[in-house]
1. Antiparallel as a % of all DSSP beta bridges within the chain, to the nearest 5?
2. Counting residues in the stretch 7-149 as N, plug N into 2.2 N^0.38 Å and put the Cα Rg over that result.
3. Run the quick spin-label model on residue 27 and residue 131: label points 7 Å from Cα toward the beta carbon, then report their separation in nm to one decimal.
4. For the stretch 115-173, just run the numbers: alpha carbon Rg, then divide by 2.2 N^0.38 Å, N being how many residues it has.
5. Just to confirm my numbers, what's the Cα centroid distance between the stretch 46-65 and the stretch 166-188 in Å?
6. Among 149-156, 189-196, 29-36, what's the highest-first ranking by average C-beta atoms within 10 angstrom per residue?
7. With each run of n ≥ 4 DSSP H residues scored as -39500 (n - 2.57), what mean residue ellipticity at 222 nm is computed for the chain after dividing by its residue count and rounding to the nearest 500 deg cm²/dmol?
8. Based on the alpha carbon coordinates of the chain, what radius of gyration and maximum Cα-Cα distance (Dmax) apply, in Å?
């Protein structure tokens, strides 16, 4: 018999995994527990791998027909991306989002999962273990922080007040139209999107666009009236393959930023 997992149960799963295999290694990693994937700055740790195995196992047991796209599994088998994009029912798993932050002792890292049906995000979970903050979104039902409903986003209309953060360090300080110079993001989508959802900035500009990074946060922001799309004007979705993603506090900010870029 297939067992489905309620929204609260999946959140507890992320919290339990963080308590078991991620947080005990925070600021306690040995050198042989850290390695690189595609390039020296693309880090992976034993915590990433163990956390993904546990989360994937539990999701697969509850949803045996679903495709589960894990960041570390993809690094070992790139064909999993095509399977995810074809899937009627799927999950994304980012076991330690912000691995570089985690390795360097920054509390700005998160565990993230998103559920998709028919290529559309329907549920999302972001757990920030060091900040003890849980963000949950369900399509059509809004979004919460630690169980409390988040307010709808209400950005100002003057671009001069739009704070834009970017994950591309080379672009920090760049002037975009009348907006203030670009600032560095928190360098973790699991921190960035919640910061946007709580009004800490008006927009996020990303060059990297993997689903496990962006599907959870895009649902979170979208449920609060934000707009997430490509620099070509297409709405972002789990099956998108964009060159760049703009996550914004609303359609006006999205269109204004896209025009200037």
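Just so you know, all these numbers are worked out from the coordinates, no wet-lab data involved. Source: prediction; values computed, not measured. We place every Cβ from the backbone using ideal geometry, glycine too, and count neighbours over all the protein chains shown.
1. Roughly 80 percent of the beta bridges in the chain run antiparallel, per DSSP.
2. Taking N as the residue count of the stretch 7-149, the ratio is 1.03.
3. Going by the 7 Å Cα→Cβ label model, 1.8 nm.
4. 1.50
5. Centre-to-centre (Cα) distance: 35 Å.
6. So the order, starting with the most tightly packed, is 189-196, 149-156, 29-36.
7. Here the helix-only value at 222 nm equals -8500 deg cm²/dmol.
8. According to the Cα coordinates of the chain, Rg and Dmax are 17.5, 58 Å.
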